[in-house]
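Student: Have a look at the structure that comes next, please.
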Amino acid sequence: MNKLLVLLPVLITVLLVSGCTQPSEGTTTPTGEVREFEMTAKQFEFVPNTITVNKGDTVKLHITSTDVTHGFALPDFGVSETLAPGQDVHVEFVADKTGTFTFSCNVYCGTGHTGMSGQLIVQ
Ligand SMILES: [Cu+2]
């Protein structure tokens, strides 16, 4: 009997504490926004050819070639895609560093191929 009287407040305390303890909210969620862009690739340009985002943003690109097969290479973020004509190609990466980064066509598409490039600006 005495034992029970001693244990009871302990039990109640344990139940109250565990009942009030909530799982803490995640603190590792990305700080940036999700930024989506529609992009067109054609001989010999990307439209738009400049994309500006903030550091930490998740960048989603939907790229469609309107003429021949092109490529989309953004080596600083490990992106390399082939753009078949008429196909909506999805590219996604986190802009985790600031700077100006060049993306370019990496599939030979004609005489203007080497000049077919654009810039990603991460602020
Ligand atoms: Cu090309």
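Student: List the chymotrypsin sites (Phe, Trp or Tyr not before Pro) within segment 59-123 that DSSP assigns to loop and that have no more than 16 neighbouring Cβ atoms inside 10 Å.
Tutor: Loop-located and lightly packed - 108.
Student: Now, a different point. Counting only the heavy atoms of the protein chains, how much of residue 38 is accessible to a 1.4 Å probe, in Å² to the nearest 10?
Tutor: Roll a 1.4 Å probe over it and residue 38 shows about 140 Å².
Student: Could you please report the charge total around residue 65, scoring K, R as +1 and D, E as -1 over all other residues with beta-carbon less than 14 angstrom from its beta-carbon?
Tutor: -4
Student: Next question. If you find the alpha carbon centre of segment 89-123 and of segment 46-80, how far apart are they in angstrom?
Tutor: 5
The values are calculated or read from the model by the stated rules, or taken from the named source; none is laboratory data. Remember, it's a predicted structure, so these values are computed and weren't measured experimentally. Cβ coordinates were reconstructed from backbone atoms using ideal geometry, including for glycine residues, and neighbour counts include every protein chain displayed. These accessible areas exclude ligands, DNA and RNA; they are computed on the full protein's heavy atoms, side chains included. Shrake-Rupley method; radii C 1.70, N 1.55, O 1.52, S 1.80 Å.
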